[in-house]
């Protein structure tokens, strides 16, 4: 199968600052990409500015999770995640035809599919005032069975064109009701809104966190897609015949060749890039800075895969 190779380097630096040295608890990071037929990780590492114990594990969805336990008090905690990947632009789920019975909505999953997808089929958030169903009305009242992919793309386009995108630095994700009430949201809010709508249409959806590569940034041009150069979020929808297909409502696209997946989850809170704790007076906390760089590098001969972690004990 023919493919073109793109090598990408990602740096994700998070810095916490305090007025005086504080003690830290466990920090949980998700930054190592999910590998597959299209993506291979050739290097992944983490640098911490204080002595720390670093462990690796896999969660229930087989996401790579890095557990960092700082061993010293400090007025600053800096976690520098970095990795390199090789992205093979092979034919992927977006290019595959759907199974004949799933080409138009509604459709049924097989018994085996429903069993495996059960956690991704059930809505997780209530719709107390029916606001989400009102927003979904155009998709529920169609007289004929619409094309499944066109239906999903029209939903993504309605989110992009009908809501105002905003960068939110605070933790957590808005509920679909909050996003529709405010008329605005971040990429993770958009992903959750569409995921909950998809589940109410009887389709399985999962939340995806990761990064977004924008080729325009390599040339010094202005950002061409929303969310590049930062952590990003979108959703996958399971479509028989094609499998998990990515949809990015922030940019109203479903071609995921520039999406670098890190974690899959049934709920956004299970795919947070970084969570952790510290001990001290609330007034000690100054703030947090996050810097993300996603850039293309010259392709090289296949590299030996390595995983490194500085300050590991």
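The values are calculated or read from the model by the stated rules, or taken from the named source; none is laboratory data. Given the structure is predicted, the values throughout are model-derived calculations rather than measurements. Ideal geometry is used to build each Cβ from the backbone, glycine not excepted, and the neighbour counts take in all protein chains shown.
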> Only one of these conditions is not met by residue 212: (1) under 12 Å from the mean Cα position of the chain (by Cα); (2) modelled with pLDDT of 95 or more; (3) surrounded by 24 or more Cβ atoms within 10 Å (Cβ to Cβ). Which number is it?
Replying inline: (2)
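Residues are listed down the side, and each one gets a yes or a no for (1) under 30 Å from residue 141 (Cα atoms); (2) surrounded by 15 or more Cβ atoms within 10 Å (Cβ to Cβ):
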| position | (1), (2) |
| --- | --- |
| 37 | no, no |
| 74 | no, yes |
| 78 | no, yes |
| 102 | yes, yes |
| 111 | yes, no |
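The rows are residues; the columns are (1) closer than 26 Å to residue 28 by Cβ; (2) in a strand (DSSP E or B); (3) assigned by TED's automatic domain parsing to the domain that holds residue 261; (4) more than 20 Å from the chain's Cα centre (by Cα).
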| residue | (1), (2), (3), (4) |
| --- | --- |
| 56 | yes, yes, no, no |
| 80 | yes, yes, no, no |
| 101 | no, no, yes, yes |
| 133 | no, no, yes, yes |
| 150 | no, no, yes, yes |
| 153 | no, no, yes, no |
> Say we look at region 166-177 and pick out the residues that are modelled with pLDDT under 95 and more than 13 Å from residue 232 (Cα to Cα); which of these is surrounded by the fewest Cβ atoms within 10 Å (Cβ to Cβ)?
Replying inline: 170
> Which condition number in (1) part of a helix (DSSP H, G or I); (2) more than 14 Å from residue 192 (Cβ to Cβ) is the one that residue 159 fails?
Replying inline: (2)
> In the set 224, 202, which member is outside any strand (DSSP E or B), at pLDDT 95 or above, over 18 Å from the mean Cα position of the chain (by Cα) and surrounded by fewer than 17 Cβ atoms within 10 Å (Cβ to Cβ)?
Replying inline: 202
